[in-house]
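To keep things clear, I will list the structure first and then write my remarks on it.
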Amino acid sequence: MLAEYYGVIGFALIAAVFSAVVDHSPLKSRTLSSRMDRFRSQWMIAMAGREVRIVDSQIISGLQNGIAFFASTALLGIGAAFTLLTALDNVMDAVRDIPALAVGSRTQWEVMSIGLLVIYAYAFFKFGWAYRLINYCAVLLGSTHDVKRGDIPSDRCLEQARLAGEMNVLAGRQFNRGLRALFLSIGYLAWIAGPLAQVLVTAAIAGILAYRQFFSPALALIKD
């Protein structure tokens with residue numbers, strides 16, 4: 001019985017190990033996301049010294065729109081997973097006509113579909129929380145004391161900017177985790193071709209994500 005789900009077990013292990021390395025291990029300080037966190041903080045400190053902050057507000061608005069887009073995508077994924085659960089018979093009949101795909105039992109398909117639903121729900125909650133955090137960042141930005149042209153920001157102003165930067169960093173981390181769930185869901189979907197395919201595709205996607213975090217040209221641009 002457990003052998004039927006070794007693909008799901010492998011997926012969970014790969015996702016857990018990757019998340020632990022990127023988010024909680026000593027290597028996290030070397031990731032692209034960690035480097036960008038520093039720029040998020042520096043951005044807010046630079047904002048504190050500007051007299052006019054319209055550009056900063058526009059950038060925040062752009063970040064909000066991007067997060068909202070992916071939250072909507074996760075909602076569509078939730079709807080698709082529900083649809084799959086209610087139309088399993090038709091889907092399984094269609095899969096039987098394709099020799100390369102594994103059919104399995106109805107119970108197995110139900111478990112897999114529920115797992116897909118959980119992944120998209122997790123991603124939606126991450127995007128939803130990131131959207132709220134970036135809203136908080138916008139509020140903190142708006143509450144930062146004004147400075148006149150040529151003046152040095154006060155300690156109070158810099159402290160407000162630091163808080164806005166930390167909120168921005170938190171929003172970015174939540175967004176990254178939601179985006180990671182969407183990417184890894186592609187590997188989870190490979191279960192339709194069998195457990196081995198699910199493990200291999202998930203490992204390949206995790207490898208691509210690891211390359212982007214630790215060895216990508218984007219990291220090389222800001223590494224120093």
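The values are calculated or read from the model by the stated rules, or taken from the named source; none is laboratory data. What you see is a predicted model; the values in this text were computed from it and never measured. Cβ atoms come from the backbone with ideal geometry, glycine included; neighbour counts cover every protein chain shown. The protein model used for the area step is the full one, side chains on, heavy atoms only, and it has no ligands, DNA or RNA in it. Shrake-Rupley method; radii C 1.70, N 1.55, O 1.52, S 1.80 Å.
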Starting from residues that are without any contact (Cβ under 8 Å) to a residue 24 or more places away in the chain and assigned to a helix (DSSP H, G or I), keep the ones in segment 23-54 and report whichever is least open to solvent (accessible area, probe 1.4 Å).
SER34
Within segment 125-136, does at least one residue satisfy the condition of being in contact with a helix residue (DSSP H, G or I) (Cβ under 7 Å, 6 or more places away or on another chain), at pLDDT 95 or above, aromatic (Phe, Trp, Tyr) and more than 19 Å from ILE60 (Cβ to Cβ)?
no
Out of all the residues in segment 1-60, which are of a type in the set (Gly, Ala, Ser), over 25 Å from LEU219 (Cβ atoms) and at pLDDT 90 or above?
GLY10, ALA12, SER57
Test result for ALA48, over 18 Å from TRP191 (Cβ atoms), in contact with a Phe, Trp or Tyr (Cβ under 6 Å, 6 or more places away or on another chain) and small (Gly, Ala, Ser):
no
Filter segment 125-175 for residues that are outside any helix (DSSP H, G or I) and among the small types (Gly, Ala, Ser); which is farthest from ALA68 (Cα to Cα)?
GLY150
For segment 67-79, give me the residue count where each residue is without any contact (Cβ under 8 Å) to a residue 40 or more places away in the chain and open to solvent by less than 50 Å² (accessible area, probe 1.4 Å).
1
Taking segment 138-172 as the region of interest, how many residues are open to solvent by less than 20 Å² (accessible area, probe 1.4 Å) and over 12 Å from MET44 (Cα atoms)?
3
Among the candidates TYR122, TYR211, residue that is part of a helix (DSSP H, G or I), within 29 Å of ASN65 (Cβ to Cβ), hydroxyl-bearing (Ser, Thr, Tyr) and in contact with a helix residue (DSSP H, G or I) (Cβ under 9 Å, 6 or more places away or on another chain)
TYR122
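For segment 80-88, state whether one or more residues are buried (at least 17 other Cβ atoms within 10 Å of the Cβ) and touching a helix residue (DSSP H, G or I) at 6+ places or on another chain (Cβ under 8 Å).
Keep residues of segment 80-88 that are buried (at least 17 other Cβ atoms within 10 Å of the Cβ), which gives 81, 84.
Next, from what is left, pick out any that are touching a helix residue (DSSP H, G or I) at 6+ places or on another chain (Cβ under 8 Å): 81, 84.
Yes, that holds for at least one residue.
Looking for whichever is surrounded by fewer than 16 Cβ atoms within 10 Å (Cβ to Cβ) and not acidic (Asp, Glu) here; the options are LEU200, LEU196, LEU184, LEU179. Which one fits? Explain how you work it out, then say what you get.
On the way: LEU200 fails: surrounded by fewer than 16 Cβ atoms within 10 Å (Cβ to Cβ); LEU184 fails: surrounded by fewer than 16 Cβ atoms within 10 Å (Cβ to Cβ); LEU179 fails: surrounded by fewer than 16 Cβ atoms within 10 Å (Cβ to Cβ).
So the residue among LEU200, LEU196, LEU184, LEU179 that is surrounded by fewer than 16 Cβ atoms within 10 Å (Cβ to Cβ) and not acidic (Asp, Glu) is LEU196.
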Of the residues that make up segment 142-151, is at least one over 30 Å from ALA197 (Cβ atoms), under 27 Å from the mean Cα position of the chain (by Cα) and at pLDDT 85 or above?
yes
